[in-house]
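Data first, discussion second: the structure below is written as structure tokens.
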Amino acid sequence: MSEKNKVLVIGGGYAGVTAANRLLRRSDVTVTLINPRPRLVERIRLHQLVGGSDDAVVDLGEVLDERIQVVVGTVTRIDADERHVRLESGRGLGFDHLIYAVGSGSADPQVPGAAEFAYPIATLEEAERLRSAVAAVSVTSEITVVGGGPSGIEVAAELAEQGSSR
């Protein structure tokens, strides 16, 4: 029996989880997924976290094939020539193939005052900060949502529902 190809997937979001699961359709690979937390952050549900109707996370074990090894950690270095990654903990992992699926985050605010007063929600931690800020004010307080894209609309709707149900 020949040795299986080692595939490392960096990132446990939708893309990383999907790639890891689909790779196991092949019999000639082993898959290790590296993610900073043992949960998948459902970014499309972060507005629900803000409104208090969902926690926007699911354990990776619930969405990954049981044959996938999960390593909770943060990659600090990728050495493509040596086919090796280094984790923040100092642990190293070798690979034959690497999938880099770390997702995206919030842009640095360019509008004066935004850094001090705005609450982006591109990450779990940002949405949790906004949830805490919303919980700290009266239900009758005015909250302005800036942005008319899908996230802005969903946040506005969640906050409106929350105001009518408290």
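The values are calculated or read from the model by the stated rules, or taken from the named source; none is laboratory data. Given the structure is predicted, the values throughout are model-derived calculations rather than measurements. Ideal geometry is used to build each Cβ from the backbone, glycine not excepted, and the neighbour counts take in all protein chains shown. Surface accessibility is based on the protein's heavy atoms, side chains included, excluding ligands, DNA and RNA. Shrake-Rupley method; radii C 1.70, N 1.55, O 1.52, S 1.80 Å.
Scanning the stretch 1-14 for residues being crowded, with 22+ Cβ neighbours inside 10 Å and not hydrophobic (A, V, I, L, M, F, W, C) gives a total of 1.
Can you say whether Gly113 is in contact with a helix residue (DSSP H, G or I) (Cβ under 9 Å, 6 or more places away or on another chain), closer than 30 Å to Glu154 by Cα and either hydrophobic (A, V, I, L, M, F, W, C) or modelled with pLDDT under 95 (or both), as far as the supplied structure shows?
Details: in contact with a helix residue (DSSP H, G or I) (Cβ under 9 Å, 6 or more places away or on another chain): no; closer than 30 Å to Glu154 by Cα: yes; either hydrophobic (A, V, I, L, M, F, W, C) or modelled with pLDDT under 95 (or both): yes.
No.
State all residues of the stretch 42-85 that are out of contact with any Leu (no Cβ under 8 Å at 6 or more places or on another chain) and basic (Lys, Arg); if no residue qualifies, say none. Across the stretch 42-85, the qualifying residues are Arg43, Arg45, Arg77. Looking at the stretch 38-52 only, could you name the residues that are charged (D, E, K, R) and open to solvent by 50 Å² or more (accessible area, probe 1.4 Å)? Once the filter is applied, which keeps residues that are charged (D, E, K, R) and open to solvent by 50 Å² or more (accessible area, probe 1.4 Å), the stretch 38-52 yields Arg39, Arg43, Arg45.
Return the residues of the stretch 15-36 that are open to solvent by 40 Å² or more (accessible area, probe 1.4 Å), free of Cβ contacts under 8 Å to residues at least 60 places away in the same chain and either closer than 19 Å to Ala122 by Cβ or in contact with a Gly (Cβ under 9 Å, 6 or more places away or on another chain) (or both); say none if nothing qualifies. Hit for the stretch 15-36 is Pro36, nothing else.
Scanning the stretch 103-115 for any residue that is under 23 Å from the mean Cα position of the chain (by Cα) and within 30 Å of Arg25 (Cα to Cα) turns up at least one such residue.
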